[in-house]
Structure formats: structure tokens, C-alpha cells
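Read-outs: derived from the displayed coordinates by stated rules, not from any lab. All of these numbers come straight from a predicted model, not from anything done at the bench. Every residue, glycine as well, gets a Cβ built from its backbone with ideal geometry; the counts of neighbours run over all protein chains shown.
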Amino acid sequence: MSPPDYSIIIPAYNEQHFIAATLQSVNKAMEAVSSLKGELIVTDNNSTDRTAEVAREHGAKVVFEEMQQIARSRNAGAAQAEGRFLVFVDADTLITGSLLKTTLDTLETGNYCGGGTLATFDKECGWLLRRFLALWTFLSKTFKWAAGSYVFCLKEGFVDIGGFNEEFYASEEVHLSIALKRWGKKRKLKMKILDEPVVTSTRKVDWYSTRRLLGQILLFFVMPWRLKSREGCSLWYDRPEEGRDKVMSKSDSDHD
């Protein structure tokens, strides 16, 4: 049997209430790309819920990573990937067949080493978050930084640069983008940020105040060393009981 052309990797920690919709969107997108063969990998990042079971129910190969760190989780999935193209999707993010096709077409041109796409939220947000998203969009397009919700690259480049930098508990996608850009420049390859957005959840807005979310992000500019600390990046790793209850209640009501 021939190996897959591309691998989609989804890192997941306690994502049973989001990952089913993500996997459904990914499977549908893969079906829309008939010219290339793909594989779907979910990294169970030491979940205590049904994340791994839900992933298997949707046809994903499940890889286990005990240490709860997003960079290690992404790298663990990539280590098992057979495709020459890698696509990383967050467990609370929805993609389309059009986006996946554009991604693979971009990599197949031989002119690009990687990239990402824009992001939009799954519901209306306050003006502060909208302004932050607009700022991120500007930075992403200007500096060719991929957002963690959707990252793609050549496996060759990913391996050569050592994958996601495991020193960091957040911003690992930016560091990967910078490293890939350097790697590609030596080979006359570029990074590309696509225009078709993915839809990602606003669950952290349900869990935390906008002021706290943006406050922690701004704190990274003052104390960047906090990015190398799990405690310093707690908003990316905590799963507040109250927040989970809100998400579960919303998920249940959506299926009534």
C-alpha cells in the first residue's frame, strides 16, 4: 500500500465536546480532495475524558503523549506521520475542503515550505477581541506567522528544523514559522498565509474575562520568559470546571 501524500495532525487534551465536530469537518475536507491520499492523526495528550475514543470513532489514528504540552503533542503526532505534507489543526477548529485543497496545491507548487491561514471566531465577540484578531491578522500576513489553529508545512522542513520548539508552552507556532522561513529562504522557498479562514471556538471567552485573556497575552511582551513556563501559560492549559460545564451545557442544548 502506498504511503499517504499528506498527514493531518490534531493535538487534543480533554476535547471530547469539541473534537467530534472538528473531525467531521476534517473528514469531509479530505473526501473533497480526491487527487491526494491523506491520513488523520490525533494526539491524545493524556486526556481523562473520551477524547481518544471519539477520535477512533471518526477514523483517526490515535497517538499518546503523556506530557501535557502543545508543542510536544504536535511533535508526537508528526513523528508518526507518513505524509510528505503536514497539516496541523486545533481540536476546536473547523476546516473546509476548499481550504485543504488550496493548502495542498500551495505545497505542491514547489515554491513554498509552509504557512497558515486566517482565523475567525464561531460567534460574535466584543470589540477588544475583534481588535486583537485584526492585529494578529496584520502580523500574520506581514511576517508570515501561522496561527496555531491551522499550520501547514513540508515534512522535510519540519524534520530539519526539529519540529515545534518544546522549550515553549505557547507561541510555538510563531517560532516554527520563523524557523521554517529561515529554512525555506536557503532553498528559495517561501511561507504563505492563505485568505480562506478557519472557524475556531471562543471557549476561552466563556471561561475567562476578555481583560484577563488579553492581559496575559500582553504580559508576554513584558516578560517573554513566561512562554517557557506552564504556569505562565496557564490559560492555554487549564480546563476550569465552570468553563467545562458551560461548554457541556451549550453542546447538549445544541443537540436537543
remark   = If every Lys and Arg gets +1 and every Asp and Glu gets -1 at its Cβ, then about the Cα centre segment 12-170 yields a dipole, in debye to the nearest 20, of 520 debye
inquiry  = From the phi angles alone, apply the Karplus equation (6.51, -1.76, 1.60; θ = phi - 60°) to segment 182-189 and give each ³J(HN,Hα) in whole Hz, x where the residue is Gly or Pro.
reply    = 5, 4, x, 4, 5, 10, 6, 10
request  = Quick one: what are the phi-derived ³J(HN,Hα) couplings along segment 77-89, Karplus 6.51/-1.76/1.60 with θ = phi - 60°, whole Hz, x for glycine and proline?
outcome  = x, 5, 5, 9, 7, 9, x, 7, 10, 10, 10, 9, 10
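Using unit Cβ charges (K, R positive; D, E negative) and no other charged atoms, how large, in debye to the nearest 20, is the dipole of segment 54-106 about its Cα centre?
Numbers: 6 positive and 7 negative charges, 31 e Å.
Roughly 140 debye, rounded to the nearest 20.
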task = Would you mind ranking K188, K144, K155, K28 by Cβ crowding within 10 Å, fewest neighbours first?
result = K188, K28, K155, K144
inquiry  = Taking every alpha carbon pair in segment 92-131, what does the distance histogram look like in 10 angstrom bins from 0, in percent?
reply    = 22, 40, 25, 13, 0
Value of relative contact order over the chain, rounded to a whole percent, pairs C-alpha under 8 Å and six or more apart = 20 percent
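At 222 nm, what value in deg cm²/dmol follows for the chain if DSSP H runs of at least 4 each add -39500 (n - 2.57) and the sum is divided by all its residues, to the nearest 500? Mind dumping the intermediate values first?
Details: 11 runs with 118 residues, N = 256.
One gets -14000 deg cm²/dmol as the mean residue ellipticity at 222 nm.
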